[in-house]
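Report on the following structure.
The values are calculated or read from the model by the stated rules, or taken from the named source; none is laboratory data. Quantities reported herein were computed from a predicted structural model and do not represent experimental measurements. In this analysis, Cβ positions are derived from the backbone assuming ideal geometry, glycine residues included, and neighbour counts consider all displayed protein chains.
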């Protein structure tokens, strides 16, 4: 296990081995997202209460789920960077942050569009909405700290510490609808409970969730590989690769 951990912690090993995943993820994300969009927007039925506006769900829910899990992934990488000082973990924190921020912004934007016909307003200082907005600021803060002083170790450690502290916000987001009275509805789709909707609606929703994750890992790997080459540009393995 430790040998595997240290192998994948090597920039050279990670760069060469991760390259085979990019075409697989590109094909998977394209096919799954394409099928999910077609199924969700054209075939799935409208909701008997929300009408056609429920179709925003097929973008909003996957984005909200991915926003939280991508932050958790970033925080784990930050913890590894603080403990073991692995270069690849620090690079992972830096490359996840902008993607996670964009996904969180998408969740906020689609949630606002969905909230207008349901609540009569685009935004309320609801516990779920406010904690998700804080999540966006945490992503932005990590990215700002990491880029504050180039590639300095101080900037990397500061960004990692903020990422780990920000984990406290995730349970607040998840349980905000249970702990406080909020306009935001509880989760109607989980992996552990029976869905509160027919298969014709949760089927495309699940497909979109999987497609979002495939796209996320594709975008992250591309950014991470580019960052590793940038950081290791003076190393022998990058120099040899450039000559080929």
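So that you can scan it fast, the table gives a plain yes or no per residue for (1) outside any helix (DSSP H, G or I); (2) in contact with a strand residue (DSSP E or B) (Cβ under 7 Å, 6 or more places away or on another chain); (3) within 30 Å of residue 92 (Cα to Cα):
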{"position": "106", "(1), (2), (3)": "no, no, yes"}
{"position": "109", "(1), (2), (3)": "no, no, yes"}
{"position": "115", "(1), (2), (3)": "no, no, no"}
{"position": "118", "(1), (2), (3)": "no, no, no"}
{"position": "124", "(1), (2), (3)": "yes, no, no"}
{"position": "133", "(1), (2), (3)": "no, no, yes"}
{"position": "136", "(1), (2), (3)": "no, no, yes"}
{"position": "140", "(1), (2), (3)": "no, no, yes"}
{"position": "143", "(1), (2), (3)": "no, no, yes"}
Take the stretch 1-44 and flag every residue that is in contact with a helix residue (DSSP H, G or I) (Cβ under 9 Å, 6 or more places away or on another chain), part of a loop (DSSP other than H, G, I, E, B) and surrounded by fewer than 12 Cβ atoms within 10 Å (Cβ to Cβ). 19
Test: residue 113 is touching a helix residue (DSSP H, G or I) at 6+ places or on another chain (Cβ under 9 Å), buried (at least 17 other Cβ atoms within 10 Å of the Cβ) and in contact (Cβ under 8 Å) with a residue 12 or more places away in the chain: no
Looking only at the stretch 162-189, count how many residues are touching a helix residue (DSSP H, G or I) at 6+ places or on another chain (Cβ under 7 Å) and at pLDDT 90 or above. 9
Could you say whether any residue in the stretch 55-76 is more than 19 Å from the chain's Cα centre (by Cα) and without any contact (Cβ under 8 Å) to a residue 60 or more places away in the chain? yes
The conditions are (1) free of Cβ contacts under 8 Å to residues at least 12 places away in the same chain; (2) farther than 26 Å from residue 30 by Cβ, and residue 184 fails exactly one of them. Which is it? (1)
Residue check for residue 81: without any contact (Cβ under 8 Å) to a residue 24 or more places away in the chain and either under 15 Å from the mean Cα position of the chain (by Cα) or in a helix (DSSP H, G or I) (or both): no
Any hit, the stretch 171-180, residues being surrounded by 18 or more Cβ atoms within 10 Å (Cβ to Cβ) and under 24 Å from residue 104 (Cβ atoms): yes
Against the condition at pLDDT below 95, surrounded by fewer than 19 Cβ atoms within 10 Å (Cβ to Cβ) and within 29 Å of residue 226 (Cα to Cα), how does residue 89 come out, does it pass? no
The stretch 213-237: number of residues that are more than 23 Å from residue 104 (Cβ to Cβ) and crowded, with 18+ Cβ neighbours inside 10 Å: 3
